[in-house]
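To start, the structure under review is shown below, and the notes come after it.
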Amino acid sequence: MTTAEGIFEPKVEPYRVAPETYVIPQLLEAPPVGLFYVNSMVITGSEPVLVDTGAPSNRQQWLDHAWNLVDPADVRWVFLTHDDHDHAGNVREVMATCPNATLVTTWFSMARYAIDTEEFWMPFNRSRWVRDGESFTAGDRTLLAIRPPFFDNPTTRGLFDTTTRVYWAADTFATAIPHPAENAADLDRTAWREGMLLGNRLNHPWHLWLDAGKFNEHVDRVQDLDIDTAASCHGPTIHRDLMDEAFDLIRKVPDLPYWEEPGQDFLEGIIAATAKPVVP
């Protein structure tokens, strides 16, 4: 479908990536590179966890999908990887609807959120601060907060479920895709590789100034978790068969040049193509 603002938004449904673990996807058109996902995750264990809360532009559909997976009264944890709108866009509505939930975040994320909103509402008495490298227990599982290889916000932490070995990688593994795909293995391999190299350069332009040795040590810290499944906000899910290749692609990014994003000429082309004809 196409919205009034001209954004292509095909209807997509939540899908299972591991036992008791589901991705809630949103898919947006991003010319000229293809499509990009905006995803979040739900763990429906003995103490259900929402991992990020979707974008405000997709609020009602996201809430409908989330509450079809878990009853709001059963949600015990809301883990925010960081405070960007595509990750924390519905957190206020979620916390109001989930009376038994604790918000898992950080001091810095709460401080930044306060600056970015007209009214500070973060519930200190319903929050838990978990720093990079720390873990917390959510009923039948232990969840480890660990910063992903790439990120576009200083408060970012990924989340590793030690029971299912699923790692929520936040913005790492961002992938421009030619068509919808829940599993990266369903994409043409060349398209997937090129999409990964593009997405992680576009979203993380600081790759140009990385020290390769230090960066590889940082990537090792995540890869050494022995991940079975990597889900992320901006790409299809990566399973064990592509995991090593995915990390190899991430390690190539620091050696690549800056991706030159479209400029005014491209914008004028869009305007011309979408302009309504003048009726005499």
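The values are calculated or read from the model by the stated rules, or taken from the named source; none is laboratory data. Just so you know, these numbers come straight off a predicted model, no measurement behind them. With ideal geometry, Cβ positions are generated from the backbone for all residues, glycine too; neighbour counts draw on all protein chains shown. Side chains are part of the model used for accessible areas, which takes the heavy atoms of the whole protein and leaves out ligands, DNA and RNA. Shrake-Rupley method; radii C 1.70, N 1.55, O 1.52, S 1.80 Å.
Quick one: net charge of Leu80's neighbours, Cβ under 12 Å, K/R +1, D/E -1? Could the numbers behind the result be given before it?
Details: positive: Arg92, Arg112, Arg128, Arg157; negative: Asp52, Asp83, Asp84, Asp86.
Here the count lands on 0.
Return the carbon/sulfur percentage of the accessible area of the chain, one whole number, probe 1.4 Å, all protein chains in place. Kindly include the intermediate steps, with their values, before the conclusion.
Working: 6770 of 13010 Å².
Answer for the chain is 52 percent, counting heavy atoms of protein chains only.
Give the long-range amide H neighbours of Leu103: residues separated by 5 or more places, or on another chain, with amide H under 5 Å away, using H modelled in the peptide plane at 1.01 Å from N.
Residues meeting the amide H criterion: Val78, Ser127, Arg128.
Shape call for the range 190-273 from the C-alpha gyration tensor, a ≥ b ≥ c root eigenvalues: rounded (a/c under 1.5), prolate (a/b greater than b/c) or oblate?
Cα axes put the range 190-273 in the oblate bin.
Give me the 1.4 Å probe accessible area per residue for the chain, excluding ligands and nucleic acids, in Å².
On the way: 13010 Å² over 280 residues.
For the chain, the solvent-accessible area averages 46 Å² per residue.
For the chain, what is the charge dipole size about the Cα centre, in debye to the nearest 20, if Lys and Arg each add +1 at the Cβ and Asp and Glu each add -1 at the Cβ? Display every interim value, and only then the final one.
Values: 22 positive and 42 negative charges, 89 e Å.
Dipole about the Cα centre, nearest 20: 420 debye.
Of Pro178, Thr81, Leu210, which is farthest on the positive side of the dipole of the chain, counting Cα position, with +1 on Lys and Arg Cβ, -1 on Asp and Glu Cβ, and the Cα centre as origin?
Comparing the listed Cα positions along the dipole, Thr81 ranks first.
Note down the accessible area of Asp71, probe 1.4 Å, to the nearest 10 Å².
Roughly 80 Å² of Asp71 is accessible to a 1.4 Å probe.
At 222 nm, what value in deg cm²/dmol follows for the chain if DSSP H runs of at least 4 each add -39500 (n - 2.57) and the sum is divided by all its residues, to the nearest 500? Show your work: numbers first, answer last.
On the way: 8 runs with 81 residues, N = 280.
Estimated from H runs of four or more residues: -8500 deg cm²/dmol.
For the range 118-221, with only Lys/Arg (+1) and Asp/Glu (-1) charged at the beta-carbon, what is the dipole magnitude about the Cα centre, in debye rounded to 20?
Working: 12 positive and 15 negative charges, 57 e Å.
Taking the Cα centre of the range 118-221 as origin, the dipole is about 280 debye.
Show me 159-171, 99-111 ranked by packing, highest mean number of other Cβ atoms within 10 Å first. Before the final figure, lay out the partial values.
Numbers: 159-171: 23.2, 99-111: 18.9.
Top of the packing list down: 159-171, 99-111.
Just from the alpha-carbon atoms, what are the Rg and Dmax of the chain in angstroms?
18.9, 68
Taking K and R as +1 and D and E as -1, what net charge do the other residues with C-beta under 13 Å from the C-beta of Trp67 add up to?
Values: positive: Arg59; negative: Asp64, Asp71, Asp74, Glu93.
Result for the local shell: -3.
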